[in-house]
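Here is the structure we will look at.
Every number in this text was worked out from the coordinates using simple rules, so none of it is lab data. Computed from a prediction, not measured in an experiment: that's the story for all the values here. Glycine gets a Cβ as well: all are built from the backbone with ideal geometry, and neighbour counts include every protein chain shown.
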């Protein structure tokens, strides 16, 4: 077995929406099979994200996706739910990383993972670390696909279009229909008056 370091990049998608899960991904890239064109997922078109996501899944040493659902977000708060999703993504990797790079300024609980190379949080890491960029792309594409599936179950909100973000049309639909089972009830536009 190779003794090369296995550094997992970790990022999330979906902290700001009013509906759906917060999704995290962990990716260990293969230095012998670099994925060209990696960048922060928000800077890429949906078509390019999908192409890159397929390449990442094919060429990475290991990858995983995990999430915390709307109920967990309401129970924990969005920051803690994000950190939980990140931890779950790391635990789902089929091989153990030797180190972890996380986008942002906070790390999930990692003490029990036994990382040889430690862990580091990097602000805007999705713009500077290829493994974090790859994780950003997988998290975003997985979440977008999930929001399209949720649109089929909860029509009338336009989840397939805005992916749960607080657009005018989404907030207007909430006023008319009230929140669905996948809306985050602790987020102000989803709160039911009097409850």
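What's the angle, to the nearest 10 degrees (0 to 90), between helix 78-92's Cα axis and the longest principal axis of the chain?
Helix 78-92 and the main axis of the chain meet at about 40 degrees.
Helix 130-153 versus the longest principal axis of the chain: what is the Cα-based angle in degrees, 0 to 90, to the nearest 10?
On a 0 to 90 degree scale, this one is about 30.
For the chain, what value does the Rg/Rh ratio take when both radii are computed over Cα atoms and Rh is the Kirkwood radius, given to two decimals?
Using only Cα positions, Rg/Rh for the chain is 1.01.
Say each of residue 15 and residue 30 gets a label point 7 Å from the Cα, pointing the same way as Cα to Cβ; how far apart are those two points in nm?
3.2 nm
So if the hydrodynamic radius of the range 21-65 is defined as the Kirkwood radius over C-alpha pairs, what does Stokes-Einstein give as its diffusion coefficient at 37 °C and 0.692 mPa s, in µm² per second?
So the translational diffusion coefficient is about 293 µm²/s.
Where in the range 36-50 does the label zone of residue 124 land, with the point 7 angstrom along Cα→C-beta and an amide N cut-off under 20 Å?
Only 37-45 fall inside the zone, counting backbone N under 20 Å.
Using the 2.2 N^0.38 Å rule of thumb for compact globular proteins, work out how the range 72-154 stacks up: its C-alpha Rg over that value, please.
1.20
Exposure proxy check: 168, 184, 109, 15 ranked by fewest other beta carbons within 10 Å?
Placing the least packed residue first, the sequence is 168, 109, 15, 184.
If one takes the longest principal axis of the Cα atoms in the chain, at what angle in degrees, from 0 to 90 and to the nearest 10, does the Cα axis of helix 168-177 lie?
With rounding to tens, the tilt is 50 degrees.
By how many nm would the segment from residue 50 to residue 149 lengthen if fully extended, with 0.36 nm per residue of separation less the alpha-carbon distance?
Contour length minus Cα-Cα distance gives 34.0 nm.
What number, in nm² with one decimal, is the all-direction average of the projected area of the convex hull of the alpha-carbon atoms of the range 108-195?
Dividing the Cα hull surface by four gives the mean projection, 8.5 nm².
Relative to the present Cα-Cα distance, how much length would full extension add between residue 43 and residue 80 at 0.36 nm per residue of separation?
Difference between extended and current length: 10.7 nm.
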